[in-house]
Amino acid sequence: MNTYLAPAEDVQVDSPPRIMGILNLTPDSFSDGGRYSDPDAAVAQGLSMLEQGADLIDVGGESTRPGARPVPAAEQERRVLDVIRRLHERMPAAVPISIDTASAQVARAALAAGASWINDTSAGCDDPRMLPLAAESGAPIVLMHRQGRPRDMQDSPSYVDVVREVREVLAARADAALASGIREDRILLDPGIGFGKRLEDNLALLAGLPELVALGFPILLGTSRKRFMATLCGGLDPSALMPATCATTAIGVMAGVQVFRVHDVAGNRQAADLAWAIRHAV
(Lines give C-alpha, C1' and ligand atoms only; values in the text may rest on other atoms or scores of the structure.)
Protein backbone atom coordinates (compact mmCIF):
# COMPACT_ATOMS: atom_id res chain seq x y z
CA MET A 1 0.00 0.00 0.00
CA ASN A 2 1.16 3.50 -0.75
CA THR A 3 2.72 4.96 2.38
CA TYR A 4 2.50 8.61 1.33
CA LEU A 5 -0.16 10.45 3.31
CA ALA A 6 -1.64 13.71 2.12
CA PRO A 7 -1.33 16.61 4.58
CA ALA A 8 -5.01 16.47 5.55
CA GLU A 9 -4.19 18.26 8.78
CA ASP A 10 -3.64 21.33 6.59
CA VAL A 11 -7.31 21.19 5.51
CA GLN A 12 -8.98 22.45 8.63
CA VAL A 13 -11.84 24.72 9.57
CA ASP A 14 -10.97 28.24 8.38
CA SER A 15 -8.06 27.10 6.22
CA PRO A 16 -7.76 28.52 2.66
CA PRO A 17 -10.12 26.84 0.19
CA ARG A 18 -8.89 23.84 -1.80
CA ILE A 19 -10.04 23.00 -5.32
CA MET A 20 -10.56 19.30 -6.09
CA GLY A 21 -10.57 18.61 -9.83
CA ILE A 22 -13.03 15.96 -11.04
CA LEU A 23 -11.61 13.26 -13.31
CA ASN A 24 -14.40 10.85 -14.30
CA LEU A 25 -13.13 7.77 -16.13
CA THR A 26 -16.66 6.60 -16.89
CA PRO A 27 -18.74 6.27 -20.06
CA ASP A 28 -21.93 7.52 -18.40
CA SER A 29 -21.25 10.37 -15.98
CA PHE A 30 -23.91 13.07 -16.27
CA SER A 31 -21.65 15.85 -17.58
CA ASP A 32 -18.47 14.41 -19.08
CA GLY A 33 -19.20 10.72 -19.53
CA GLY A 34 -16.80 9.07 -21.97
CA ARG A 35 -14.67 12.15 -22.45
CA TYR A 36 -11.71 10.80 -20.46
CA SER A 37 -12.15 7.05 -20.89
CA ASP A 38 -8.86 6.93 -22.79
CA PRO A 39 -6.00 6.81 -20.24
CA ASP A 40 -3.83 9.26 -22.18
CA ALA A 41 -6.69 11.79 -22.30
CA ALA A 42 -7.37 11.24 -18.60
CA VAL A 43 -3.76 11.83 -17.56
CA ALA A 44 -3.57 14.94 -19.75
CA GLN A 45 -6.75 16.29 -18.16
CA GLY A 46 -5.46 15.62 -14.66
CA LEU A 47 -2.23 17.49 -15.37
CA SER A 48 -4.18 20.30 -17.04
CA MET A 49 -6.39 20.74 -13.97
CA LEU A 50 -3.26 20.92 -11.84
CA GLU A 51 -1.91 23.72 -14.04
CA GLN A 52 -5.23 25.55 -13.72
CA GLY A 53 -4.98 25.63 -9.94
CA ALA A 54 -6.34 22.34 -8.61
CA ASP A 55 -5.02 21.32 -5.19
CA LEU A 56 -5.96 17.66 -5.60
CA ILE A 57 -7.45 15.39 -8.27
CA ASP A 58 -10.45 13.11 -7.65
CA VAL A 59 -10.41 10.01 -9.88
CA GLY A 60 -13.53 7.87 -10.24
CA GLY A 61 -14.48 4.80 -12.25
CA GLU A 62 -18.16 4.55 -11.31
CA SER A 63 -20.84 7.08 -12.19
CA THR A 64 -23.05 8.14 -9.28
CA ARG A 65 -25.47 10.18 -11.41
CA PRO A 66 -29.21 9.64 -10.74
CA GLY A 67 -30.27 6.29 -12.18
CA ALA A 68 -26.74 4.88 -12.38
CA ARG A 69 -26.20 1.19 -11.70
CA PRO A 70 -23.33 -0.20 -9.61
CA VAL A 71 -20.06 -0.94 -11.41
CA PRO A 72 -18.16 -4.08 -10.32
CA ALA A 73 -14.96 -3.44 -8.40
CA ALA A 74 -12.84 -5.15 -11.05
CA GLU A 75 -14.19 -2.83 -13.75
CA GLN A 76 -13.61 0.24 -11.58
CA GLU A 77 -10.03 -0.89 -11.04
CA ARG A 78 -9.53 -1.45 -14.77
CA ARG A 79 -10.64 2.12 -15.42
CA VAL A 80 -8.71 3.96 -12.71
CA LEU A 81 -5.56 2.19 -11.58
CA ASP A 82 -3.29 2.88 -14.57
CA VAL A 83 -4.35 6.54 -14.63
CA ILE A 84 -3.68 6.90 -10.90
CA ARG A 85 -0.22 5.32 -11.27
CA ARG A 86 0.68 7.62 -14.14
CA LEU A 87 -0.60 10.74 -12.40
CA HIS A 88 1.24 9.77 -9.23
CA GLU A 89 4.47 9.48 -11.21
CA ARG A 90 4.05 12.86 -12.93
CA MET A 91 2.45 15.06 -10.27
CA PRO A 92 4.28 16.71 -7.36
CA ALA A 93 4.26 14.50 -4.27
CA ALA A 94 2.46 17.18 -2.29
CA VAL A 95 -0.61 17.02 -4.57
CA PRO A 96 -3.02 14.31 -3.37
CA ILE A 97 -4.93 11.99 -5.67
CA SER A 98 -8.34 10.99 -4.34
CA ILE A 99 -10.17 7.80 -5.28
CA ASP A 100 -13.91 8.30 -5.70
CA THR A 101 -15.45 4.95 -4.77
CA ALA A 102 -17.71 3.26 -2.25
CA SER A 103 -15.79 -0.02 -2.61
CA ALA A 104 -13.05 -0.80 -0.12
CA GLN A 105 -11.48 -3.20 -2.64
CA VAL A 106 -11.15 -0.40 -5.19
CA ALA A 107 -9.95 2.06 -2.56
CA ARG A 108 -7.25 -0.33 -1.34
CA ALA A 109 -5.98 -0.93 -4.88
CA ALA A 110 -6.04 2.81 -5.61
CA LEU A 111 -4.04 3.61 -2.48
CA ALA A 112 -1.46 1.04 -3.57
CA ALA A 113 -1.32 2.69 -7.00
CA GLY A 114 -0.63 6.18 -5.63
CA ALA A 115 -3.88 7.65 -4.36
CA SER A 116 -3.83 9.07 -0.84
CA TRP A 117 -7.43 10.19 -0.20
CA ILE A 118 -10.72 8.28 -0.23
CA ASN A 119 -13.95 9.96 -1.37
CA ASP A 120 -16.88 7.72 -0.41
CA THR A 121 -20.34 8.85 -1.52
CA SER A 122 -21.89 6.30 0.85
CA ALA A 123 -19.98 7.58 3.92
CA GLY A 124 -18.77 4.05 4.61
CA CYS A 125 -22.27 2.53 4.52
CA ASP A 126 -22.09 0.53 1.27
CA ASP A 127 -18.97 -1.42 2.24
CA PRO A 128 -18.32 -2.16 5.93
CA ARG A 129 -14.62 -2.59 5.14
CA MET A 130 -14.19 1.06 4.10
CA LEU A 131 -13.85 2.76 7.46
CA PRO A 132 -11.39 0.14 8.78
CA LEU A 133 -9.36 0.59 5.58
CA ALA A 134 -9.20 4.34 6.09
CA ALA A 135 -8.12 3.81 9.70
CA GLU A 136 -5.46 1.27 8.70
CA SER A 137 -4.03 3.35 5.87
CA GLY A 138 -4.29 6.76 7.53
CA ALA A 139 -5.88 8.12 4.35
CA PRO A 140 -8.15 11.15 4.68
CA ILE A 141 -11.73 10.16 3.91
CA VAL A 142 -14.66 12.21 2.66
CA LEU A 143 -17.97 11.03 4.10
CA MET A 144 -20.95 12.14 2.02
CA HIS A 145 -24.65 12.26 2.85
CA ARG A 146 -26.85 10.35 0.41
CA GLN A 147 -30.52 9.43 0.71
CA GLY A 148 -31.04 6.19 -1.19
CA ARG A 149 -28.65 4.82 -3.82
CA PRO A 150 -27.78 6.35 -7.19
CA ARG A 151 -30.18 4.07 -9.06
CA ASP A 152 -33.20 5.31 -7.06
CA MET A 153 -32.12 8.30 -4.99
CA GLN A 154 -34.08 10.83 -7.05
CA ASP A 155 -37.29 8.80 -7.19
CA SER A 156 -38.93 10.34 -4.13
CA PRO A 157 -36.47 12.06 -1.75
CA SER A 158 -38.17 13.46 1.34
CA TYR A 159 -37.12 15.58 4.31
CA VAL A 160 -38.87 17.50 7.08
CA ASP A 161 -35.84 19.68 7.87
CA VAL A 162 -33.11 18.84 5.38
CA VAL A 163 -30.32 20.84 7.06
CA ARG A 164 -30.98 19.31 10.47
CA GLU A 165 -31.36 15.79 9.06
CA VAL A 166 -28.22 15.95 6.92
CA ARG A 167 -26.30 17.45 9.84
CA GLU A 168 -27.38 14.61 12.12
CA VAL A 169 -26.45 11.91 9.62
CA LEU A 170 -23.03 13.46 8.94
CA ALA A 171 -22.35 13.76 12.67
CA ALA A 172 -23.27 10.09 13.11
CA ARG A 173 -20.99 9.00 10.26
CA ALA A 174 -18.14 11.06 11.69
CA ASP A 175 -18.70 9.30 15.03
CA ALA A 176 -18.61 5.95 13.24
CA ALA A 177 -15.35 6.91 11.56
CA LEU A 178 -13.81 7.94 14.86
CA ALA A 179 -14.98 4.69 16.46
CA SER A 180 -13.28 2.79 13.64
CA GLY A 181 -9.97 4.41 14.52
CA ILE A 182 -9.84 7.15 11.88
CA ARG A 183 -8.07 10.24 13.18
CA GLU A 184 -10.24 13.30 13.61
CA ASP A 185 -8.00 15.34 11.31
CA ARG A 186 -8.51 12.75 8.52
CA ILE A 187 -12.30 13.19 8.30
CA LEU A 188 -14.10 15.51 5.86
CA LEU A 189 -17.88 15.77 5.44
CA ASP A 190 -19.95 16.39 2.31
CA PRO A 191 -23.68 17.31 2.37
CA GLY A 192 -24.23 15.45 -0.90
CA ILE A 193 -25.81 18.13 -3.06
CA GLY A 194 -27.99 16.38 -5.65
CA PHE A 195 -27.77 12.96 -3.98
CA GLY A 196 -31.33 12.17 -2.97
CA LYS A 197 -32.26 15.87 -2.81
CA ARG A 198 -35.00 17.97 -4.38
CA LEU A 199 -34.37 21.46 -5.73
CA GLU A 200 -35.56 23.03 -2.49
CA ASP A 201 -33.35 20.67 -0.46
CA ASN A 202 -30.23 21.64 -2.41
CA LEU A 203 -30.98 25.33 -1.96
CA ALA A 204 -31.67 24.91 1.75
CA LEU A 205 -28.38 23.06 2.23
CA LEU A 206 -26.46 25.81 0.47
CA ALA A 207 -28.16 28.40 2.65
CA GLY A 208 -27.49 26.25 5.72
CA LEU A 209 -23.80 25.56 5.11
CA PRO A 210 -22.74 27.44 8.27
CA GLU A 211 -24.69 24.88 10.33
CA LEU A 212 -22.72 22.05 8.71
CA VAL A 213 -19.41 23.89 9.14
CA ALA A 214 -20.29 24.17 12.84
CA LEU A 215 -19.87 20.40 13.16
CA GLY A 216 -16.15 21.14 13.36
CA PHE A 217 -14.96 18.99 10.46
CA PRO A 218 -13.79 20.34 7.08
CA ILE A 219 -16.66 20.43 4.61
CA LEU A 220 -16.40 19.39 0.95
CA LEU A 221 -18.96 20.90 -1.42
CA GLY A 222 -19.81 19.29 -4.76
CA THR A 223 -22.28 21.30 -6.83
CA SER A 224 -20.41 21.30 -10.13
CA ARG A 225 -22.71 21.43 -13.18
CA LYS A 226 -25.57 19.80 -11.27
CA ARG A 227 -29.13 19.58 -12.51
CA PHE A 228 -30.71 21.77 -9.84
CA MET A 229 -28.76 24.75 -11.17
CA ALA A 230 -29.87 24.04 -14.74
CA THR A 231 -33.46 24.15 -13.49
CA LEU A 232 -32.87 27.67 -12.20
CA CYS A 233 -30.81 28.79 -15.21
CA GLY A 234 -33.17 28.17 -18.10
CA GLY A 235 -32.45 24.48 -18.59
CA LEU A 236 -28.86 24.96 -19.70
CA ASP A 237 -26.70 22.00 -20.65
CA PRO A 238 -24.48 20.95 -17.70
CA SER A 239 -21.35 22.07 -19.56
CA ALA A 240 -22.70 25.66 -19.54
CA LEU A 241 -23.10 25.83 -15.76
CA MET A 242 -19.60 26.94 -14.82
CA PRO A 243 -20.73 30.46 -13.78
CA ALA A 244 -23.48 29.03 -11.56
CA THR A 245 -21.00 26.60 -10.03
CA CYS A 246 -18.60 29.48 -9.31
CA ALA A 247 -21.43 31.29 -7.50
CA THR A 248 -21.90 28.33 -5.18
CA THR A 249 -18.15 28.14 -4.62
CA ALA A 250 -18.06 31.78 -3.52
CA ILE A 251 -21.06 31.19 -1.24
CA GLY A 252 -19.33 28.14 0.21
CA VAL A 253 -16.11 30.01 0.94
CA MET A 254 -18.04 32.73 2.73
CA ALA A 255 -19.77 30.03 4.81
CA GLY A 256 -16.49 28.36 5.79
CA VAL A 257 -16.35 25.42 3.36
CA GLN A 258 -12.80 24.17 2.76
CA VAL A 259 -12.86 21.91 -0.35
CA PHE A 260 -14.74 22.34 -3.64
CA ARG A 261 -15.11 19.42 -6.05
CA VAL A 262 -15.43 20.88 -9.57
CA HIS A 263 -15.10 20.16 -13.27
CA ASP A 264 -14.05 23.71 -14.24
CA VAL A 265 -10.95 24.38 -12.18
CA ALA A 266 -9.76 27.78 -13.40
CA GLY A 267 -13.04 29.64 -12.89
CA ASN A 268 -13.70 28.10 -9.51
CA ARG A 269 -10.11 28.80 -8.43
CA GLN A 270 -10.74 32.47 -9.11
CA ALA A 271 -14.09 32.46 -7.33
CA ALA A 272 -12.65 30.72 -4.27
CA ASP A 273 -9.60 32.96 -4.00
CA LEU A 274 -11.61 36.16 -4.39
CA ALA A 275 -14.22 35.08 -1.86
CA TRP A 276 -11.47 34.09 0.57
CA ALA A 277 -9.83 37.51 0.24
CA ILE A 278 -13.17 39.27 0.80
CA ARG A 279 -13.97 37.10 3.80
CA HIS A 280 -10.66 38.00 5.44
CA ALA A 281 -10.63 41.66 4.45
CA VAL A 282 -12.22 42.78 7.73
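The values are calculated or read from the model by the stated rules, or taken from the named source; none is laboratory data. Nothing here was measured: the structure is a model prediction, and the numbers come from that model. Because the Cβ atoms are built from the backbone with ideal geometry, glycine has one as well, and the counts that use them run over all protein chains shown.
I'd like the full set of residues that are basic (Lys, Arg) and at pLDDT 95 or above, limited to the range 129-166. Explain how you work it out, then say what you get.
The first filter runs over the range 129-166 and keeps only residues basic (Lys, Arg), leaving 129, 146, 149, 151, 164.
If the condition is that a residue be basic (Lys, Arg) and at pLDDT 95 or above, then Arg129, Arg164 are the ones that fit.
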Notebook entry, point to check: Scanning the range 36-53 for residues that are under 19 Å from the mean Cα position of the chain (by Cα) and not in a helix (DSSP H, G or I), which turns out farthest from Ala94 (Cα to Cα)?
Noted result: Tyr36
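Which of the residues belonging to the range 101-116 are without any contact (Cβ under 8 Å) to a residue 60 or more places away in the chain, buried (at least 24 other Cβ atoms within 10 Å of the Cβ) and not in a loop (DSSP other than H, G, I, E, B)?
Looking only at the range 101-116, we keep the residues that are without any contact (Cβ under 8 Å) to a residue 60 or more places away in the chain, and these are 101-107, 109-110.
Then keep just the ones that are buried (at least 24 other Cβ atoms within 10 Å of the Cβ); that gives 101-103, 106-107, 110.
Val106, Ala107, Ala110 - these are the residues of the range 101-116 that are without any contact (Cβ under 8 Å) to a residue 60 or more places away in the chain, buried (at least 24 other Cβ atoms within 10 Å of the Cβ) and not in a loop (DSSP other than H, G, I, E, B).
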Checklist line | Single residue of Arg279, Arg227 found to be surrounded by fewer than 23 Cβ atoms within 10 Å (Cβ to Cβ), within 18 Å of the chain's Cα centre (by Cα), of a type in the set (Lys, Arg) and over 30 Å from Gly138 (Cα atoms) | finding: Arg227
Check: Pick from the range 163-207 the residues that are within 15 Å of Gly124 (Cα to Cα) and free of Cβ contacts under 8 Å to residues at least 24 places away in the same chain: which of them is surrounded by the most Cβ atoms within 10 Å (Cβ to Cβ)?
Finding: Leu178
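Of everything in the range 54-69, what is within 11 Å of the chain's Cα centre (by Cα) and among the β-branched types (Val, Ile, Thr)? Give them in sequence order.
Going through the range 54-69, the residues within 11 Å of the chain's Cα centre (by Cα) turn out to be 56-60.
Within the range 54-69, Ile57, Val59 meet the criteria.
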Next item on the list: Residue by residue through the range 226-255, note down the ones that are more than 20 Å from Asn119 (Cβ to Cβ) and not in a helix (DSSP H, G or I).
Entry: Cys233, Gly234, Gly235, Leu236, Asp237, Leu241
Check: Listed residues Ala247, Ala174, Ala230, Ala179; which is aliphatic (A, V, I, L, M), under 24 Å from Ala275 (Cβ atoms) and modelled with pLDDT of 95 or more?
Finding: Ala247
Notebook entry, point to check: For the range 117-158, how many residues are out of contact with any Gly (no Cβ under 6 Å at 6 or more places or on another chain) and part of a helix (DSSP H, G or I)?
Noted result: 5
Check: How many residues does the range 208-231 contain that are farther than 22 Å from Thr64 by Cα and in contact (Cβ under 8 Å) with a residue 24 or more places away in the chain?
Finding: 10
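Answer with yes or no whether Val265 is touching a residue at least 12 places away in the same chain (Cβ under 8 Å) and under 20 Å from Leu215 (Cβ atoms). Before the answer, list the steps.
Values: touching a residue at least 12 places away in the same chain (Cβ under 8 Å): yes; under 20 Å from Leu215 (Cβ atoms): no.
No: the conditions fail for Val265.
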Check: Looking only at the range 256-282, which residues are assigned to a helix (DSSP H, G or I) and aliphatic (A, V, I, L, M)?
Finding: Val265, Ala266, Ala271, Ala272, Leu274, Ala275, Ala277, Ile278
Notebook entry, point to check: If you go through the range 216-238, how many residues are in contact with an Asp or Glu (Cβ under 8 Å, 6 or more places away or on another chain) and of a type in the set (S, T, N, Q)?
Noted result: 1
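Going by what's in this entry, would Arg79 be described as part of a loop (DSSP other than H, G, I, E, B), buried (at least 16 other Cβ atoms within 10 Å of the Cβ) and either charged (D, E, K, R) or modelled with pLDDT under 80 (or both)? Quick ask: steps written out before the conclusion?
On the way: part of a loop (DSSP other than H, G, I, E, B): no; buried (at least 16 other Cβ atoms within 10 Å of the Cβ): yes; either charged (D, E, K, R) or modelled with pLDDT under 80 (or both): yes.
Against the criterion (part of a loop (DSSP other than H, G, I, E, B), buried (at least 16 other Cβ atoms within 10 Å of the Cβ) and either charged (D, E, K, R) or modelled with pLDDT under 80 (or both)), Arg79 does not qualify.
Looking for something charged (D, E, K, R) and more than 21 Å from Leu131 (Cα to Cα) - is there at least one such residue anywhere in the range 205-212?
Initially, the range 205-212 is screened for residues charged (D, E, K, R), giving 211.
Remaining after also requiring more than 21 Å from Leu131 (Cα to Cα): 211.
Among the residues of the range 205-212, at least one is charged (D, E, K, R) and more than 21 Å from Leu131 (Cα to Cα), which makes the answer yes.
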